[in-house]
Amino acid sequence: MSEYDVVVIGAGPGGYPAAIRCAQRGAKVAIVEKDKVGGTCLNWGCIPTKTLLASTELIAHAREAEKFGVKITGIEPDWTAIQDRKQKVTDTLVGGILQLLKANGIKLIEGSASINKDKNVVVQAADGEVILDADKIIIATGSDPAELPTFDFSQPAVMTSTDALALDHIPKSLIIVGSGVIGSEFACVFSVLGTEIVMLELMDRMLPTEDSRVAKQMRSTFRKQGIDIRTETTVEEVLEYRPDGIKVKLSSGDELEAEKLLVSIGRKFNSAGLGLEETGVETDERGRIIVDQTMETSVDGIFAVGDVVGGILLAHTATFEGLCAAENATGGNSTMKYHVVPACIFTTPEIGSVGINADRAEEQGLDVIVSRFSFGALGKALAMGEDYGFVQLVIDAKTDVVLGAQIMGPHASDLVHEVAVAMHMGTTAADISATIHAHPSLPEAILEAAEAAHGKAIHVAPPRKK
Ligand code: FAD
């Protein structure tokens, strides 16, 4: 008999829920973490960025206070206090996970893990090597910021997202390479703090993976916020590294100088050094571990979840994959389904999307109705002073089943979950229309978009008669 039923490698949002679910199912579990429990999400990702955004959104609201008939003077960011608050939030959550692991009887082993050819987990711990004999292994080692060879990351001006979260002052100017989710969220944080920002995007539009209508409206909002976005542009070469800045030449021929440069072009998968070649666990050419629908790798009894398997690089996907692997590692029978995965971008305004978007539906030649409702026509949004953006529903024209939603506007990251549940239940636009929504509330925009699909929205003017 093995010492442990399950050993989990990595205690991020993929690994620690997997360990807890295994323990809940009666397994003897150990989890190995080489850095901080909570992983990227809690320490260098979701939570610290959202904590910074909470501070900068408050500043932005306070600056608008006079529009609401409130006079506030002396609004000033205190970066040290903002950073301290971020750290407190993170520490509280990390502490909570440590308690949960303990309460569930899970052994936490600090150190870097790999797997040997006998399928044992070998941990390089501070006090020497520890070998763990396990029946089943769940790999949840996540990802790290991808680096570009154009830049020397040892230079103080060049930053990954992890460096940007640890800045000890607000930079005067910032070049952001990559206009995806992470780059856009940092742009929102620093533009409110007064940093001059130029954002570079290789593709022909910002947020290239989002619906084009959302991306277009977001670009104009960013421009109004003073963010200079240059699409189809990248850094061709670095002309100068200085202790207090960087000078680069762009593919457009322009030269740019800034105090800092943030590279946010994606993630690299943490599969190297795990001994996967020896154990026969297959990876693809980019280092993603290949798994089946049960999250099992090419080797029986070894599972992999979260960012390290690629796909949708989000914390909640990692968690659901972790729970799926945990069930299967402890005698269950669970499979992962990905058609309802909400994805949120915490920019100002927020973006929340789920399922298929209007562009993809068109590319795939699907027979759909794309129905919209603007927050500019919604009482609650106007009352809140956040009457920008829209709800867009993608609906199967034949069956009326909701296939997706793209929401840009106030609390989009919350609103999108109404559509996610509707999609999970396989409901129709008519079902949403038949559900009484409270007034005045933001979800009324979803109700109106569903009604608009059938030409029944009360607050949308009918097409003009010619
Ligand atoms: P990770 O969170 O990366 O955890 C992996 C853990 O494994 C780490 O703790 C690591 O130290 C450990 N580890 C690695 N190798 C070993 C080893 N050999 N031995 C022992 N331990 C090891 N997602 C969202 O859903 N919402 C957001 O708002 C969001 N914002 C983000 C903002 C930023 C700036 C970034 C960078 C990411 C953001 N993400 C967000 C993505 C999210 O953080 C990841 O998808 C998620 O953390 C992946 O979870 P994971 O458990 O697979 O990996």
Has the range 250-269 got any residue that is under 22 Å from residue 338 (Cβ atoms), within 16 Å of the ligand (Cβ to nearest atom) and without any contact (Cβ under 8 Å) to a residue 24 or more places away in the chain? no
If you go through the range 290-315, how many residues are within 26 Å of the chain's Cα centre (by Cα), surrounded by fewer than 22 Cβ atoms within 10 Å (Cβ to Cβ), more than 16 Å from residue 40 (Cβ to Cβ) and not acidic (Asp, Glu)? 3
Test each condition in (1) farther than 13 Å from residue 139 by Cα; (2) assigned to a strand (DSSP E or B) for residue 303 and report the one that comes out false. (1)
From 318, 405, 381, grab the single residue that is among the aliphatic types (A, V, I, L, M), buried (at least 22 other Cβ atoms within 10 Å of the Cβ) and farther than 26 Å from residue 441 by Cα. 318
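Inside the range 325-349, can you point out the residues that are among the aliphatic types (A, V, I, L, M) and over 15 Å from residue 305 (Cα atoms)?
Of all residues in the range 325-349, those among the aliphatic types (A, V, I, L, M) come to 325-326, 329, 336, 340-341, 343, 345.
Once the filter is applied, which keeps residues that are among the aliphatic types (A, V, I, L, M) and over 15 Å from residue 305 (Cα atoms), the range 325-349 yields 340, 341, 343, 345.
Condition check ((1) among the aromatic types (Phe, Trp, Tyr); (2) away from the ligand (no atom under 16 Å from the Cβ); (3) not in a helix (DSSP H, G or I)) across all residues:
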{"site": "318", "(1), (2), (3)": "no, no, no"}
{"site": "322", "(1), (2), (3)": "no, no, no"}
{"site": "338", "(1), (2), (3)": "yes, no, yes"}
{"site": "361", "(1), (2), (3)": "no, yes, no"}
{"site": "371", "(1), (2), (3)": "no, yes, yes"}
{"site": "388", "(1), (2), (3)": "yes, yes, yes"}
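Which residue out of 78, 84, 91, 135 is exposed (fewer than 15 other Cβ atoms within 10 Å of the Cβ), more than 10 Å from the ligand (Cβ to nearest atom) and more than 26 Å from the chain's Cα centre (by Cα)?
Exactly one of 78, 84, 91, 135 is exposed (fewer than 15 other Cβ atoms within 10 Å of the Cβ), more than 10 Å from the ligand (Cβ to nearest atom) and more than 26 Å from the chain's Cα centre (by Cα), namely 78.
Quick one: in the range 326-348, of everything that is β-branched (Val, Ile, Thr) and surrounded by fewer than 19 Cβ atoms within 10 Å (Cβ to Cβ), which residue is farthest from residue 181 (Cα to Cα)? Please lay out each step first, then the result.
Within the range 326-348, the first condition is being β-branched (Val, Ile, Thr), and the residues that meet it are 330, 335, 340-341, 345, 347-348.
With surrounded by fewer than 19 Cβ atoms within 10 Å (Cβ to Cβ) added as a condition, the list becomes 335, 340-341.
Working: 335: 28, 340: 19, 341: 16 Å.
Filtering first and then ranking leaves 335.
The rows are residues; the columns are (1) under 22 Å from residue 323 (Cβ atoms); (2) among the aliphatic types (A, V, I, L, M); (3) at pLDDT 95 or above.
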{"site": "91", "(1), (2), (3)": "no, no, yes"}
{"site": "98", "(1), (2), (3)": "yes, yes, yes"}
{"site": "142", "(1), (2), (3)": "yes, no, yes"}
{"site": "146", "(1), (2), (3)": "no, yes, no"}
{"site": "165", "(1), (2), (3)": "no, yes, yes"}
{"site": "171", "(1), (2), (3)": "no, no, yes"}
Before we move on, is residue 182 part of a strand (DSSP E or B) and buried (at least 17 other Cβ atoms within 10 Å of the Cβ)? no
Out of 393, 382, sole residue that is farther than 23 Å from residue 58 by Cβ, more than 21 Å from the chain's Cα centre (by Cα) and not assigned by TED's automatic domain parsing to the domain that holds residue 60: 393
Please go through (1) without any contact (Cβ under 8 Å) to a residue 24 or more places away in the chain; (2) under 22 Å from residue 51 (Cβ atoms) for residue 98 and return the number of the only condition it doesn't satisfy. (1)
Residues within the range 148-195 that are closer than 16 Å to residue 219 by Cα and over 22 Å from the mean Cα position of the chain (by Cα), tallied: 0
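If you take just the helices (runs of 4 or more DSSP H) that sit entirely in the range 14-106, which of them hold at least 3 residues that are among the aliphatic types (A, V, I, L, M)?
Here the list reads 15-24, 46-63, 79-103.
Identify, from the list 27, 54, 23, 65, the residue that is within 15 Å of the ligand (Cβ to nearest atom) and out of contact with any Cys (no Cβ under 8 Å at 6 or more places or on another chain). Let's see the steps before the verdict.
Details: 27 fails: within 15 Å of the ligand (Cβ to nearest atom); 23 fails: within 15 Å of the ligand (Cβ to nearest atom); 65 fails: within 15 Å of the ligand (Cβ to nearest atom).
It is 54.
The values are calculated or read from the model by the stated rules, or taken from the named source; none is laboratory data. This one's a predicted model, so the numbers in the text were calculated from it and none came from an experiment. As a convention, Cβ positions derive from the backbone with ideal geometry for all residues, glycine included, and neighbour counts pool all protein chains shown.
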